[in-house]
Every structure is written in C-alpha cells, then in structure tokens.
1. Within segment 9-19, is even one residue in contact (Cβ under 8 Å) with a residue 12 or more places away in the chain and touching a strand residue (DSSP E or B) at 6+ places or on another chain (Cβ under 6 Å)?
2. If we keep just the residues of segment 60-69 that are of a type outside the set (Asp, Glu) and without any contact (Cβ under 8 Å) to a residue 24 or more places away in the chain, which is surrounded by the most Cβ atoms within 10 Å (Cβ to Cβ)?
3. Applying the selection to segment 70-108, what residues are β-branched (Val, Ile, Thr) and open to solvent by less than 10 Å² (accessible area, probe 1.4 Å)?
4. With the requirement that a residue be aliphatic (A, V, I, L, M), open to solvent by less than 10 Å² (accessible area, probe 1.4 Å) and either modelled with pLDDT under 95 or under 14 Å from the mean Cα position of the chain (by Cα) (or both), what does segment 131-149 give you?
5. Exactly one condition in (1) farther than 25 Å from residue 28 by Cα; (2) within 12 Å of the chain's Cα centre (by Cα); (3) free of Cβ contacts under 8 Å to residues at least 40 places away in the same chain is not met by residue 128; state its number.
Amino acid sequence: MSAKEKKQDDPAQRLDEAALAKIFEVSPFIRTLGLEIKKMDYDAAELTVRMPLAAHLERREGTKQFHGGGLAALIDTVGDFALGMVLGGGIPTMSLRVDYLKPAVGDGGTAVAKVRRRGRTTAVIDIDVLDDKGALVANGRGTYVPLVG
C-alpha cells in the first residue's frame, strides 16, 4: 500500500456524519436529492441514506412513483460515499449498473450501500434501494476508483 493510500485509510481522514451532510448540501446536484444520512458503519463499510420523494423526482406528477433517474443518482451517490466516508471524500465512478425490480412508490426510498471488495485500483460496491415498507425496489453495483478526487 502506498503512502497516499495509507494516509487515506487514517481514521482521522474519515468523514463524520456532519462532514458528509455538508458535502451533500454543497453539491449543486446532490442537494437536489434531499438526502438524509441514516447510518454510517465504518467497520462494515456500509452507508444507509434516505431520499424523500420530491416533485422533481416523480415519474409522473401526483403518482408518488420515483423516476428511475432519481433512483440511479441515489444509488451512485450512496455507493460512492460507502467508501468515500472512510477515505475522506468523494471518489470517481468507473461504472454503474442499475436494475429496477418494481416501481418505487411512496414518500421516500432508502439506499443501503456495502463495499464488497476494495482493491488498490478499484472497489466494488453493492447498493440496495428499499421503499418505505422495506420492499426491495432496485439494486445497483458500482465500480469506483478508491482514491479521493
């Protein structure tokens, strides 16, 4: 492991909940998602975030059904920061796959991201999206570059 990688594994570099919330707030795009941090587990490399339904995230007005683009943005963002919270900031996405399993209908959705493998040059993260009743509505798998940048 290089000196740069060791520094980024330093617990002092980790994002706490306030620092992650600030990143969500200052990013013009992420801010539109209205993300709420629910759980940060550094040891398990797992992040849980809720996205409330907003009018601009609806598939069709008044249906309370999320647009797939909003869900994909949730999946990518939460996948990114499942490792980024340990490294101290956002990390680049290499690829992202999303499977929509059933309509996401309701007042919000919760994404749970888990780092499955972290290597020197790539990290693989699985992300499940649950509706407010706890049903799995979508899942994703992202490949990310495990360096803040």
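1. Yes: segment 9-19 contains one or more residues that are in contact (Cβ under 8 Å) with a residue 12 or more places away in the chain and touching a strand residue (DSSP E or B) at 6+ places or on another chain (Cβ under 6 Å).
2. The extreme case among them is 67.
3. Correct list: 75, 78, 91.
4. Of everything in segment 131-149, just one residue is aliphatic (A, V, I, L, M), open to solvent by less than 10 Å² (accessible area, probe 1.4 Å) and either modelled with pLDDT under 95 or under 14 Å from the mean Cα position of the chain (by Cα) (or both), namely 138.
5. Failed condition: (1).
The values are calculated or read from the model by the stated rules, or taken from the named source; none is laboratory data. Source: prediction; values computed, not measured. A quick note on method: Cβ atoms are made from the backbone with ideal geometry, for glycine too, and the neighbour counts reach across all protein chains shown. For the accessible areas, the whole protein counts, side chains as well, though only heavy atoms, and no ligand, DNA or RNA atoms are used. Shrake-Rupley method; radii C 1.70, N 1.55, O 1.52, S 1.80 Å.
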